[in-house]
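First up is the structure itself, then whatever we jot down about it.
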Amino acid sequence: MRFCPWALAVSLLAFGCDDDEAEADAAVDDMAVVDMAAAPDQAPAPDQRVPDAAVEDEYSVCTAHTPSAPDCKDCCDCLDRLTCDGATACREACDALPPDHWAALADQPPTMAPSTLGPNGDYSACFVTGEERACKACCCDQPIACGDLRHCRTACNEHDFGR
């Protein structure tokens, strides 16, 4: 993962879950933790990622252990084992959950998605696509921190594509 799931991993192991200890240990071993301070261009290339169907169960890392839909979406963006389409499907799964789901998870720690450009960053490289949907797809292909993906998509939403 591109984000550091220490709080999530610690809470799952410390407070328990329905998995037995061996399954929990295997899940933690499968997490690819990348240094939060690492440059965004050190993120794995999309062609190095596992096909989406093979990691569909990873959606539950986000949908079952984040306190809100925006946190869940940030979590999806930071699952580097997902392709761009997989991250989109994961974000859609977050959107599909009812408000009472998030109310039950309100005590979960927030997702710490690293952002280097922030909401006021320059995401104009994707504006040249000429269309909002293509602009958002372009965001995923950019060598930016996973926390900046949301800001890039927001910039696409707000950009005037000649409407």
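The values are calculated or read from the model by the stated rules, or taken from the named source; none is laboratory data. None of these values were measured; they are calculated from a predicted model. Note that each Cβ is placed from the backbone with ideal geometry, even for glycine, and that neighbours are counted across all protein chains shown.
A few comments on the model shown:
- Restricting attention to region 65-100, the residues that are surrounded by 22 or more Cβ atoms within 10 Å (Cβ to Cβ) and part of a loop (DSSP other than H, G, I, E, B) add up to 4.
- Residues satisfying the stated conditions in region 84-111, i.e. more than 26 Å from Cys135 (Cβ to Cβ) and either touching a Cys at 6+ places or on another chain (Cβ under 7 Å) or among the small types (Gly, Ala, Ser) (or both): Ala103, Ala104, Ala106
- Region 101-124, residues that are under 19 Å from His151 (Cβ atoms) and assigned to a helix (DSSP H, G or I): Ser124
- Hey, Thr83 among the hydroxyl-bearing types (Ser, Thr, Tyr) and modelled with pLDDT under 95 or not: yes
- Residue count for region 106-132, restricted to those that are within 13 Å of His65 (Cα to Cα) and surrounded by fewer than 17 Cβ atoms within 10 Å (Cβ to Cβ): 4
- Filtering Thr83, Thr63, Thr129, Thr88 for residues that are polar (S, T, N, Q), without any contact (Cβ under 8 Å) to a residue 60 or more places away in the chain and assigned by TED's automatic domain parsing to the domain that holds His151 leaves a single hit, Thr129.
- Some residue of region 101-118 being closer than 19 Å to Leu82 by Cα, without any contact (Cβ under 8 Å) to a residue 40 or more places away in the chain and not β-branched (Val, Ile, Thr): yes
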